[in-house]
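Everything below concerns the one structure shown next.
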Amino acid sequence: MEHILSIVVPILFGVIVVVGLFGNALVVIVVTCNPQMRSTTNLLIINLAMADLLFIVFCVPFTAWDYALPYWPFGDAWCRIVQYLVIVCAYASIYTLVLMSLDRFLAVVHPVTSMSIRTEKNAYIAIGLMWVVILLSCIPALQSHGEMFYMFAYTEYSVCVFLATMGYNYAAFQICFFLSSYIIPLGLIFCLYMLMLKRLWFGVAPGGHMSAESVKSKKRVTRMVVVVVVIFAFCWCPIQIVLVLKSVSAFELNPANIVIQITSHILAYMNSCVNPILYAFLSDNFRKAFRKVIYCNSRYNRPQRTPHDRNDRETGTCATKTTKVVNDIV
């Protein structure tokens, strides 16, 4: 079992890192390639992609190491930082989805009155406040995690764990994390969408008549956000349950349960690389923008045989043409 895990786990986590880095970086490039494009939804999409990038860079490789090898070689300080960042990034992802749902709610139910609220400045303020609150509220994770040493076969090993032996209550910590990072935010999202979908499908939002095209556009964007939220809930549900069961000593560590735990971890971490794929499948404009960025990058890496002729034929650069596509994303 240990030999298999030492081979399979790094490969699977490596795939997650590669796909996640490429996909989320592509999302950031696509949405930011036009400096004049500033919508609240786009800013939140960038924030979600950045949270996923941080998670992939600072969390996934070290979790893979923890599963593949029986020791922690990075020291106590980095152990605390990694565990802190895992929790911070998980909170950042789910509460970005809460902000996206609130943004959709205001756009659909209060399309006119919310115009003064759904601004670039307010989006930056909301995102900044969210990060500040999360970074400060997760500080206890720095204190409750650390490096511990144990003996096995007359050899000393180290492990990065929750410091339950130091007086911290693992069950209380994990249950609070489960409620605040999963149940409560998903409950808020569910309530917002029930109110929003009622207005979207069965009535016209106050403030005037909406055209059929406007309603269709709102439904399309709302569907994309709903799918992203549902996929998040599905991916994180198994590992949340496993961690809660472990915290109350109801999850015995036998070979079958170890496989379940690793599979749950992989599923949760896959969420950090699946969103760009969802955008590509659910949004024609995202798909066109992705193709445009990739096409332009590959084109400008090739030698230009007739640069003057090409400049005459093309009225804009790669970035400006990509901008035309991206402007209509949301």
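The values are calculated or read from the model by the stated rules, or taken from the named source; none is laboratory data. Predicted model only: the values in this text are computed from it and were never measured. Every residue, glycine among them, receives a Cβ derived from its backbone with ideal geometry; neighbour counts consider all protein chains shown. Only protein heavy atoms, including side chains, enter the accessible area calculation; ligands, DNA and RNA are left aside. Shrake-Rupley method; radii C 1.70, N 1.55, O 1.52, S 1.80 Å.
Backbone geometry of the stretch 57-65 corresponds, through the Karplus equation with coefficients 6.51, -1.76 and 1.60 at θ = phi - 60°, to 3J(HN,Hα) couplings of 6, 9, 10, 4, x, 6, 5, 4, 4 Hz, x marking Gly and Pro.
More than 19 Å apart: what percent of Cα pairs in the stretch 119-195 qualify? Working shown, then result.
Numbers: 1763 of 2926 pairs.
The answer is 60 percent, as a whole percent.
Note on Ala256 and Ala171: their simple-model spin labels are 2.4 nm apart, each label 7 Å out from Cα toward Cβ. Accessible surface for Lys288 stands near 110 Å², nearest 10, in the context of the full protein assembly shown (1.4 Å probe). With Cα atoms as the point set, the radius of gyration and Dmax of the stretch 60-118 evaluate to 19.4, 58 Å.
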